[in-house]
Amino acid sequence: MEEKLKQISDGNSNCIKVVLYGPESTGKSSLAKELAAYFDTVYVKEFSRTYAETKAEQNLKLTKGDVLPIAIGQMNSENEQLKNANRLLICDTDLLETKVYSEFYYNGFCPDIVEKYALENTYDLYFLTYIDSPWEADGIRDQPNSRLKMFTAFEQALVDSKKKYCIVKGSFEERLNICITQIHELLNKVN
């Protein structure tokens, strides 16, 4: 089980890993796609979205029993995409985000093994997306009135786990430019 939640090494210690991280409907997926295109690399899609959509199609709701399969799916996707990364891997979420959502929806519950790897897996930088973008309903998102509470929980998790992060806010172009600048700085450090 542990191997399924652990990051693999691509054998290239120069690969930078960044995470788009934060509340729902704050532009993470759009940023991930644009950043991957800009830097000519790959990105890791948010596994929980596809998982939740599949359950919704079957008229099923997510339960705390889904947290571990979501975490395993996310790490499987990340480890697979790492093999295709071009000096940079962009992750649209990670296990720390899974942990925060699990604790929010299930009264503080998060499987111990998910929490362990949420804290042990490493990334060079988190882009914490602020809630100044319009909330958009899509059938999966369900917390339009809890965005500030969620943002605070996400930031607190970063602080508590001593993760390096940058708050990203403003228009989409402003957010994109902040991320691009920060990533260039990271890439310059390893070259």
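Below is a table of values for the structure above.
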| item | result |
| --- | --- |
| Table column - 3J(HN,Hα) (Hz), segment 171-188, Karplus curve with 6.51, -1.76, 1.60, x for Gly and Pro | 5, 4, 5, 5, 4, 4, 5, 4, 5, 4, 4, 5, 5, 4, 4, 5, 5, 5 |
| Residue-by-residue Karplus 3J(HN,Hα) for segment 73-82, coefficients 6.51, -1.76, 1.60, Hz, glycine and proline x | x, 4, 5, 4, 4, 4, 5, 5, 5, 4 |
| Ellipsoid equivalent to the chain - semi-axes via the Cα gyration tensor, in Å | 24, 20, 16 |
| Between segment 73-124 and segment 15-70, the alpha-carbon center distance in angstrom | 10 |
| Integer Hz, Karplus 6.51/-1.76/1.60 couplings in order for segment 156-169, x for Gly and Pro | 4, 4, 5, 5, 4, 8, 6, 8, 6, 8, 9, 7, 10, 8 |
| Protection proxy ranking of 45-51, 153-159, 56-62 - average other beta-carbon atoms within 10 Å, highest first | 45-51, 153-159, 56-62 |
| Order of Ile131, Ile90, Ile113 under a 10 Å beta carbon neighbour criterion, fewest first | Ile113, Ile131, Ile90 |
| Over 28 Å between alpha carbons, listed pairs Lys55/Lys163; Lys33/Lys163; Lys61/Lys164; Lys116/Lys169; Lys99/Lys189 | Lys55/Lys163; Lys61/Lys164; Lys116/Lys169; Lys99/Lys189 |
| Val168 long-range amide H proximity, modeled H, under 5 Å | Leu128, Thr129, Tyr130 |
| Mean shadow area of segment 35-95, taken as a quarter of the surface of its Cα convex hull (nm²) | 4.4 |
| CD proxy at 222 nm, helix term only [per DSSP H run n ≥ 4: -39500 (n - 2.57); per residue of the chain; nearest 500] | -15500 deg cm²/dmol |
| Taking segment 1-137 and dividing mean pair separation by its residue count, relative contact order in percent (alpha carbons under 8 Å, at least six apart) | 43 |
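Only the coordinates and a few stated rules stand behind these numbers; no lab work does. Treat the numbers as computed from the prediction; the structure is a model and nothing was measured. Backbone-built Cβ (ideal geometry, glycine too); neighbour counts: all protein chains shown.
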